Amino acid sequence: ADLPSIPPKDAEPLPAVGARPLVGSPAMSSGQLQRSDMDGWTRLVVHDPALPMVWFQLGLSIGSRAESPEQAGLANLTADLLLRGTQKLERETFEEILEGYGASIGAGVGPDSITISGSCLSEHWPKVASLVVEALSSPAFGEEEFASLVDEIKADIIEERNSDRSIGRRFYDEELWGNHPYGRPVLGTLKSLDRISLADVKKFYADWFSTQDAVVGLLGNFD
């Protein structure tokens, strides 16, 4: 079967995250999956008042396959850096507010997708949602946080060398997929990370982080 190709450099520019119109509230039929196809994106919600919690996930239909082999790890860097403060809130303040709301948020990156997911107490969901929107639409992308994150990822890459399972999985993927993006480590390599600048992160974000073809999932006792 044909494998997905890397998006061409002359691909049509995607609209920014905050450039799409607002939509109405989802239906509140408990226990039923409600699907709404919006203006270029999809919303999936299940209202379940059994627990005072809300679980959420945003999935973007682009991942590490959009980066060049020379800059492997760029997608992962961008996604992680999104959650390290906003233009209004420094990372420490941003994380303290989330912790106070009983919320946890993380980013996941694969060859074909990027996900921002988490959970929080239902009573704080509107405020947490606002923070998530702020992180997605106006990330800080600070120089110090960028340098710190690169060092952390390099440390993780070195630590993986102590895991036979990680080493085996990496060489298996490289042998199976060859030069295809599926064969590249999502974290990148020590050399490829050195080729990535903060300007590259900002460009990747501007080029690919869009609601076009995105999927938003919401489960729990949300308002």
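The values are calculated or read from the model by the stated rules, or taken from the named source; none is laboratory data. Quantities reported herein were computed from a predicted structural model and do not represent experimental measurements. Every residue, glycine among them, receives a Cβ derived from its backbone with ideal geometry; neighbour counts consider all protein chains shown. Just the protein is used for accessible areas: all its heavy atoms, side chains included, with ligands, DNA and RNA removed. Shrake-Rupley method; radii C 1.70, N 1.55, O 1.52, S 1.80 Å.
Calculated FRET efficiency, residue 160 and residue 197, Cβ-Cβ r, R0 25 Å, to nearest 0.05?
Using R0 = 25 Å, I get an efficiency of 0.55.
Find me the longest stretch of the chain that has none of the exposed trypsin sites (Lys or Arg not before Pro), where exposed means in a DSSP loop (not H, G, I, E or B) with at most 15 other Cβ atoms within 10 Å.
So the longest stretch without any such site is 10-87.
Run the paramagnetic zone check for residue 177: 7 angstrom along Cα to Cβ, then residues of region 84-120 with backbone nitrogen under 14 Å.
Once the point is set 7 Å along Cα→Cβ of residue 177, 109-114 turn out to lie under 14 Å by backbone N, inside region 84-120.
Determine by what factor the alpha-carbon radius of gyration of region 89-137 differs from 2.2 N^0.38 Å, reporting the quotient. Mind showing how you got there, number by number?
Numbers: Rg = 11.4 Å, N = 49, 2.2 N^0.38 = 9.7 Å.
Dividing the Cα Rg of region 89-137 by 2.2 N^0.38 Å gives 1.18.
Kirkwood Rh, Cα Rg: Rg to Rh for region 163-211?
Radius of gyration relative to Kirkwood radius: 1.09.
Compute the relative contact order of region 27-75 as a whole-number percentage, counting only Cα pairs closer than 8 Å that sit 6 or more residues apart in sequence.
For region 27-75, the relative contact order is 24 percent.
Pairs of lysines 8 or more apart, or on different chains, with alpha carbons under 17 Å: count those in the chain, would you?
Taking the Cα cut-off of 17 Å, the pair count is 4.
Taking only protein heavy atoms and a 1.4 Å probe, what accessible area per residue, in Å², does the chain have with all protein chains in place?
Ligands and nucleic acids excluded, the result is 56 Å² per residue.
What is the dipole size for the chain, taken about its Cα centre, with +1 at each Lys and Arg Cβ and -1 at each Asp and Glu Cβ, in debye to the nearest 20?
So the magnitude is around 340 debye.
What percent of all Cα-Cα pairs in region 55-95 falls into each 10 Å bin, going from 0 up to the bin containing the maximum distance?
Values per bin, smallest distances first: 24, 40, 31, 5.
When the Karplus curve 6.51 cos²θ - 1.76 cosθ + 1.60 is applied with θ = phi - 60°, which whole-Hz ³J(HN,Hα) does each residue of region 47-57 get, with x for Gly and Pro?
So the J values, rounded to whole Hz, are 8, 9, x, 5, 10, x, 9, 10, 10, 9, 8.
Roughly how much of residue 47 is accessible, in Å² to the nearest 10, using a 1.4 Å probe?
Number for this one is 20 Å².
Can you send over the carbon and sulfur percentage of the accessible area for the chain, probe radius 1.4 Å, protein chains only?
Roughly 52 percent, rounded to a whole number.
Between residue 97 and residue 34, what FRET efficiency comes out of the Förster formula 1/(1 + (r/R0)^6) with R0 = 25 Å and r the beta carbon distance, rounded to 0.05?
0.30
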